[in-house]
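Bear in mind these aren't lab numbers, they're just calculated from the coordinates by the rules spelled out. Owing to the predicted nature of the structure, the values given are computational and were not obtained by experimental measurement. Positions of Cβ are generated from backbone atoms using ideal geometry, with glycine treated the same way; all protein chains shown enter the neighbour counts.
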Amino acid sequence: MKCSCGKKAVFQHKDSALCKEHFIDYFERKVFSTIKEHAFFDDAESIGVAASGGKDSTVLLYLVKKYLEQSQSQEKLAKPKKHATLCALAIDEGIEGYRKKTLDFLKAFCEQNEISLSIYSFKSAFGFSLDEAVARLQDYGPCTICGALRRSLINRFGRKLDVVATGHNLDDECQGIIMNLFKSNTGFLPRLGIRTGVVSHALFSKRVKPLFFCPEKEVFLYSFLKGFGVPFTECPYAVSSYRDNARRFINSVSSQFPGAKESIASHFLSFLPALRRSVEKKQPKQCSSCGEPSAGSLCKACEISLAFVASR
Amino acid sequence: MRVFIEKKGFEEELQFSGSVSGLLGLLGLDSSEVLVVRGSEVLLDSDEIVQEDKIRIFSVISGG
Ligand SMILES: [Zn+2]
Ligand SMILES: [Zn+2]
C-alpha cells in the first residue's frame, strides 16, 4: 500500500495510508492541535511531564519540548509564557531489576534532549521502597500500594508547577471509561478525561493529556520511527488484569468498526462537563497527617505508610 | 521464516508465507497490539511476507 506521495505506507487507518514522513507529520499535528485547542499550556510558566522511561511519556516529553520551541517562533502555536520551563518528573518506586533500566534510559534521553529531570523515590519520601512494602503488607496488592504512593508524590511535586502533562493515550482512556462503566463505578468517571483534577482546587495539580487522541499503536510507531530506542520492559508486579480484558474487548470491537476508540473518547468528553458538575460542589477533604487531598480523614498513602510501620 | 517476538524474548522458526495479518492470526496476536517489522521496514497487515523473511514483532503495550 502506498502513501499519496508514492512512498510505501507504514501506517493505515480507515481509508488513509501514510509513509514514514507523512505519518510523523500527521502524528505531531494531532498532538500539537490537542495542546492548542484545549489551551493546555496557555499562560503556563512551568510545565512538567510525568515521565517513566516508557514509550508514551518519552514521546510526550519530546513533543512538548518541540511544541514549546515552535511556539516561541510561531505566533499561531502560542501561548505558553515566553520563557516557559519544561522539566521531567519521574518516580522511583524501588522495583528491583525493573525501574533502574527505564530510569537509566530516561536520564540519557533527557540529557540528550537537554531536559531537566527530577526523580522522586518512594524510599526517600515514605521511608520504604515498593519491594519492601509488598514483602510486608499482605492486605494491599502491589498496584494499590504503587498507585496510592505515586498519586500522592506526583500531586505533591506537580502542584509546584503550573501544569503537569501525562502520557495517557487513547487506549488507556477508553479502557478506563469501559472498565468503570462495566463495574458501575460511575463515581470514578469524572476523574477521567483530557484534563483532570475533578475539582479545581489549590490542593490538586493541574493535569493534561496531550496524547488523549493518539491510539497506543500510533504512539509506539512514532517512537519506533523516531528511533528513540525505548527499552521493552515489563513490571514484575503486572498481573493479568481487568484492564487486559477491557483492552481485548475494545480492540476486537475496533477491528470491526475502525474509529470506535475515537468515538468512545469523544462521546465521553461531550458528557463529561455534566458528570463533573455533579461532583464539583463537594470540596475535597485534606489528609490529617500529610495534608494531601483525601477521601477520608487519612489518605491512602498515609494509611499504607502507617500499616508499614505497624508491620515492623 | 524466522520470527522474533519481543514479548516472548525468543526467535521461532515457522513455515509461513502470506499476508502479515495471516501470520498474526497464526500466532494469535492482535494487530492493534503489535508492530510487525522486516529489517527496518514497518509492515502493514496487508503486506505480503515470504518464507525467507526475518520478521520482528514488537508489543506496543507499555509494560504489558
Ligand atoms: Zn507520504
Ligand atoms: Zn496523607
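Quick look at the values:
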quantity: Inter-label distance for B:GLN51 and A:SER270, nm, one decimal - labels placed 7 Å from Cα along Cα-to-Cβ; calculated: 5.3
quantity: Pairwise FRET efficiency - A:SER124 versus A:SER311, Cβ, R0 = 25 Å, nearest 0.05; calculated: 0.80
quantity: Positive-pole candidate from A:PRO210, B:SER19, B:GLN51, dipole of the protein assembly as shown, charges at beta carbon; calculated: A:PRO210
quantity: Length-normalised contact order of the range B:2-59 in % [C-alpha pairs under 8 Å, at least 6 apart]; calculated: 46
quantity: Lys pairs, the range A:97-186 - Cα-Cα below 30 angstrom, 8 or more residues apart or on other chains; calculated: 7
quantity: Shielding by partners, peptide B:30-36 (average Cβ within 10 angstrom, other chains); calculated: 5
quantity: Under Karplus coefficients 6.51, -1.76 and 1.60, residue-wise ³J(HN,Hα) of the range A:286-299 in Hz, glycine/proline x; calculated: 10, 5, 6, 9, 10, x, 6, x, 7, 6, x, 6, 10, 6
quantity: Extended-chain gain in nm, criterion 0.36 nm per residue less alpha-carbon gap, A:LYS101 and A:GLN256; calculated: 52.1 nm
quantity: Exposed GluC sites (Glu not before Pro) absent: longest stretch of chain A, with sites in DSSP loops and at most 11 other Cβ within 10 Å deemed exposed; calculated: A:115-312
quantity: Modelled label reach - A:ARG156, point 7 Å along Cα→Cβ, the range A:118-147 residues with backbone N closer than 11 Å; calculated: A:120-128
quantity: Kyte-Doolittle at least 0.0, axis length at least 27 Å by Cα - qualifying DSSP helices, chain A; calculated: A:260-280
quantity: Paramagnetic reach from B:SER19 (point 7 Å along Cα→Cβ, amide N under 13 Å) across the range A:1-33; calculated: A:1
quantity: For the range A:149-194 and the range A:249-296, distance of Cα centres in Å; calculated: 7
quantity: Per-residue average of Cβ from other chains inside 10 Å of A:1-12; calculated: 2
quantity: Rel. contact order, % - alpha carbon contacts under 8 angstrom, at least six apart, the range A:158-248; calculated: 39
quantity: Rel. contact order, % - alpha carbon contacts under 8 angstrom, at least six apart, the range A:38-310; calculated: 20
quantity: Pairs from A:LYS226/A:LYS261; A:LYS20/A:LYS226; A:LYS14/A:LYS261 whose Cα-Cα separation, in the structure shown, is over 19 Å; calculated: A:LYS226/A:LYS261
quantity: Two-decimal Rg to Rh for the protein assembly as shown - Kirkwood Rh, Cα set; calculated: 0.97
quantity: Built amide H within the under 5 Å cut-off of A:LYS285, gap 5+; calculated: A:SER294
quantity: Size of charge dipole - chain A - debye, nearest 20, with Cβ of Lys, Arg +1 and Asp, Glu -1, no other charges; calculated: 460
quantity: Amide H within-cut-off set for A:CYS290, under 5 Å, with H built and near neighbours excluded; calculated: A:CYS299
